[in-house]
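Below is one structure; the comments refer to it alone.
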Amino acid sequence: MIGSFGELLRRAWRNPSGRFGMLALAVLALAALLAPPLLKDPAAMPDVVAGATAPSLAHPFGTDQLNRDILARVVNGGRISLAVAGLAVLLSLGVGSLVGLVAGYVGGWLDAVLMRTVDAALAIPRLFVILLLLVVWERIPLGALILVLGTTGWFATSRLVRGEVLRLRHEPFVLAAEGLGMRARRTITRHLLPNAAGPLLVAATLGVGDVILLEAGLSFLGLGIQPPTPSWGGMVLDARPLIVSAPWTAIFPGAAIVVTVLSVNLLGDALQAALDPRSA
Amino acid sequence: MTLLLEIRDLTIRFPAARGGTSVPVSHVNLSIMRGETLALVGESGSGKSLTGLALLGLVPPPGLVDPASSIRLDDQEITTLRGEALRAIRGRRIGIVFQDALTSLTPVLTVGSQLREAITAHRRMSAAAARAAAIALLGEAGLPDPAGSFAAYPHELSGGQRQRALIAIALAGEPDLLIADEATTALDVTIQAQVLETLDRLRTSRGMAVLLITHDLGIVAGRADRVAVMYAGQIVEEAATPRLFAAPAHPYTRALFRAIPRLESAADELTPIPGSVPLPDEWNPGCRFQPRCSEALPRCVTLEPPVVPLAPGENSRCWLPARDAR
């Protein structure tokens, strides 16, 4: 990377959209980490009669059809949604980079086998694979959900990384690194991977958005995060019958999804610009 | 002088498109003494760079070094080395400087971190010691502000400075042989002279040998001890530099000299060599230079010319009888 990870962040910070993305993500992450214990839901007991109440001082985001505080649920849901998206994307980036690096650097029959496997996997719709994998459980453990989302998301990443490696493989600086007697692992991690980091970061940011939306869809089908545990996707879809009578039940979790996906994308753009030292 | 590196019968093959093989380097014999500068001169496509890469086991796939080839570095056969043993040669015993310094440096790392990496690839030392050694090397390579260059990214340096940084990186392993593969070709003439001067100073102070791969006979004069002229994958003439310049034996070498502009002769006396270097699959069975040779004999078409010894360590691959007083 550029000197250090801190240097990279400093450069991204100088970019207004990077600053916005970082700040928004920091607020979301802090809220998800610190707020839940402070936000004891004053209307935690389900109360179907009271139903959804509009935003007020006691409930700044209003309450849902079971009279649960939406602010508390958005914050708690963020904890789950962000953790699931972050971990799943990290997992798929890790697996995708590894497969792509090996296929691109080693080449030959290993490359052929790996890439034909990826072709086959890409030909099957992701949602279909996820549904098949998830029906095994009656109540899906969170870890299994992350594992399934992560291991079905790396195919495109591996193609991307392989393409970058093939592009960079015969660059003189890779040849020069090998000519200096550097170990293959060092050549890969220091000279190939950082130069492929731009496209990878974009893939990661798009992946975070994808996974948040995918998890919302799964929750709707009863195959994602199980109620009563809140998740943003689940909340939006729970709010479906109330969208006209109590729009706040959909607006706040929906806004949380939009803000998160937007800030991750802005941060991704800024990081990509910061990674290119010529843009300084 | 003692022998450092001996290349015997170096042949490199590439599988060609339609099932055949192309042989861009065939039966090359060369030896390099400790501390000397050997120039390997040839046009593009003559196989000179590939020969240099073969010394480091860096022939790009699908190219293969023929198993009958031998490259001995101080009595150690290095064509068969793999893995750790090969890594111990690269950078440590034989260093290389490529033509294009901008693309030879990783754009996302500072010059200093790449240099430090080259130092620690072969020697264990603390980060602070490596930094000090790196800055010392940059100074030795003639960079005006070593500490500043250490912190700079490759694109922040000028072409000459980048080439010097690349030389510093190649020197990091303290190699016995430095391959300069068109290392100054991309620079303008004055900077080129300075960088070559620096290379020569480093060669003397470190007692290392230099293999100067170039297409430019002009930079060979006064710098190389000996010259090997390469054409279409073969060494066609090998000679001590003064003899080569005074009396080139091979028609190709003579043609090369006629193609160099000289101050004392008029511009219209410049004679280009007609045609271009044939591709490896277009070589005729006889002399490979014959189609472009003004002195070719009938037998040159079908019969491969002999390597005629002219003096110890000097020879010419030609059918023409060696002329004595040229």
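Just so it is clear, none of the values below were taken in a lab; they were calculated from the coordinates. Keep in mind that this is a model prediction, so the values were computed, not measured. For neighbour counting, all protein chains shown are included, and Cβ atoms are generated from backbone atoms with ideal geometry for every residue, glycine included.
Observations
- Measuring nothing but how far apart in sequence close Cα pairs (under 8 Å, 6+ apart) lie, relative to its length, chain A scores a relative contact order of 28 percent.
- Calculated log₁₀ intensity ratio I(q)/I(0) where the Debye formula runs over C-alpha points of the range A:54-172, q = 0.11, 0.16, 0.21, 0.22 Å⁻¹: -0.54, -0.84, -1.10, -1.14
- MRE, 222 nm, helices only [DSSP H, n ≥ 4, -39500 (n - 2.57), over the protein assembly as shown, to nearest 500]: -14500 deg cm²/dmol
- The range B:211-286 and the range A:202-280 have Cα centres separated by 68 Å.
- A simple charge model with +1 on the Cβ of Lys and Arg, -1 on the Cβ of Asp and Glu and nothing else charged puts the dipole of the protein assembly as shown at about 740 debye relative to its Cα centre.
- Rg over Rh, two decimals, the range B:29-98 (C-alpha only, Kirkwood Rh): 0.93
- Anisotropy class of the range B:73-206 from Cα gyration tensor, a/c 1.5 cut: oblate
- Grouping the Cα pair distances of chain A into 10 Å bins from zero gives a pair-distance distribution of 6, 24, 29, 22, 12, 5, 1, 0 percent in increasing distance order.
- Taking every residue in A:181-187 and counting other chain Cβ atoms within 10 Å of its Cβ, the average works out to 5.
- Total formal charge among the other residues, if their Cβ is under 10 angstrom from that of B:Ala152, Lys/Arg +1 and Asp/Glu -1: -1
- For the range B:1-67, the relative contact order comes to 37 percent (Cα pairs under 8 Å, sequence separation of at least 6).
- Of B:Arg82, B:Arg203, B:Arg226, the residue with the greatest mean-square motion in the GNM of chain B, using alpha carbon springs below 10 Å, is B:Arg82.
- Cleavage-rule hits (trypsin sites (Lys or Arg not before Pro)) in the range B:1-74: DSSP loop, at most 11 neighbouring Cβ within 10 angstrom: B:Arg18
- Helical segments meeting 27 Å axial Cα length and Kyte-Doolittle 0.0 threshold in chain A (DSSP H): A:16-38, A:70-106, A:197-220, A:248-275
- Farthest toward positive dipole pole in the protein assembly as shown [+1 Lys/Arg, -1 Asp/Glu at C-beta], among A:Thr229, B:Phe257, A:Leu271: A:Thr229
- Using the average count of surrounding beta-carbon atoms within 10 Å as a protection proxy, the listed peptides A:146-152, B:272-278, B:115-121 rank, highest first, as B:115-121, A:146-152, B:272-278.
- D by Stokes-Einstein for the protein assembly as shown, Kirkwood Rh over Cα pairs, 25 °C, 0.890 mPa s: 86 µm²/s.
- Taking every DSSP bridge with both residues inside the protein assembly as shown, close to 60 percent are antiparallel.
- Prolate/oblate/rounded label for the range B:209-320 (Cα gyration tensor, a/c 1.5): oblate
- Value in Å of the Kirkwood radius, where chain B supplies the Cα pairs that are averaged: 20.9 Å
- GNM result for chain B, Cα springs below 10 Å: residue of B:Gly35, B:Gly52, B:Gly313 fluctuating most strongly: B:Gly313
- Residues whose amide H comes within less than 5 Å of that of B:Leu310, counting only those at least five positions distant or on another chain, are B:Asn315, B:Ser316 (H built at 1.01 Å from N in the peptide plane).
- Look at the stretch B:115-125: the mean tally of other chain Cβ atoms within 10 Å of its residues' Cβ atoms is 2.
- Other-chain or far-sequence residues with amide H under 5 Å of B:Val210's (modelled H): B:Glu36, B:Thr37, B:Leu38, B:Leu178
- For chain B, the membrane-span-like helices by this rule, meaning whole DSSP H stretches whose C-alpha atoms cover at least 15 Å of axis and whose Kyte-Doolittle mean is -1.0 or above, are B:127-140, B:159-171, B:189-206; this says nothing about an actual membrane.
- Counted charge near A:Pro253, where neighbours are those whose Cβ lies closer than 10 Å (Asp, Glu -1; Lys, Arg +1): -1
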